[in-house]
């Protein structure tokens with residue numbers, strides 16, 4: 001008799017990794033090709049430990065204040081600056097679902113998380 005095996009991947013998963021610097025709740029995390037948003041503050045650790053990352057869903061994420069974002073823009077992760085941008089040279093992480101203007105007070109944007117297996121390449 002065969003059994004039906006169900007596996008479901010939630011919007012939040014537990015991933016074990018180490019990080020040289022702490023990551024605040026809501027901050028972006030790139031582990032290999034997997035990108036997620038920290039659900040809780042993640043302390044710096046040299047030993048891999050399990051942390052919860054949001055890998056699907058709608059999130060608010062940091063962007064550079066000088067960046068204007070339009071609905072439908074593809075967003076890429078800048079792992080050095082720890083912000084999203086619209087430059088196709090880094091890891092593709094999501095799609096903007098609202099417009100955000102540029103300016104000193106505009107430092108976040110709304111993004112639908114998208115998991116891809118590829119890193120972006122310069123055009």
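At-a-glance table
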{"quantity": "Filter pass, residue 89 being modelled with pLDDT of 90 or more, in a loop (DSSP other than H, G, I, E, B), out of contact with any strand residue (DSSP E or B) (no Cβ under 6 Å at 6 or more places or on another chain) and closer than 20 Å to residue 32 by Cβ", "calculated": "no"}
{"quantity": "So residue 67, is it out of contact with any helix residue (DSSP H, G or I) (no Cβ under 6 Å at 6 or more places or on another chain) and assigned by TED's automatic domain parsing to the domain that holds residue 16", "calculated": "no"}
{"quantity": "So residue 79, is it at pLDDT 95 or above and surrounded by 12 or more Cβ atoms within 10 Å (Cβ to Cβ)", "calculated": "no"}
{"quantity": "Search result, residues across the stretch 47-81 that are without any contact (Cβ under 8 Å) to a residue 60 or more places away in the chain, closer than 13 Å to residue 31 by Cα and in a loop (DSSP other than H, G, I, E, B)", "calculated": "79"}
{"quantity": "Pick from the stretch 92-118, criterion within 15 Å of the chain's Cα centre (by Cα) and modelled with pLDDT under 80, ranking: nearest to residue 73 (Cα to Cα)", "calculated": "116"}
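Residue-by-condition table, conditions (1) surrounded by fewer than 16 Cβ atoms within 10 Å (Cβ to Cβ); (2) over 21 Å from residue 116 (Cβ atoms):
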site: 12; (1), (2): yes, no
site: 37; (1), (2): no, no
site: 43; (1), (2): yes, yes
site: 54; (1), (2): no, no
site: 90; (1), (2): no, no
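The values are calculated or read from the model by the stated rules, or taken from the named source; none is laboratory data. What you see is a predicted model, and the numbers here were worked out from it, not measured in a lab. Reconstructed Cβ throughout: ideal geometry from the backbone, glycine too, with neighbour counts over all protein chains shown.
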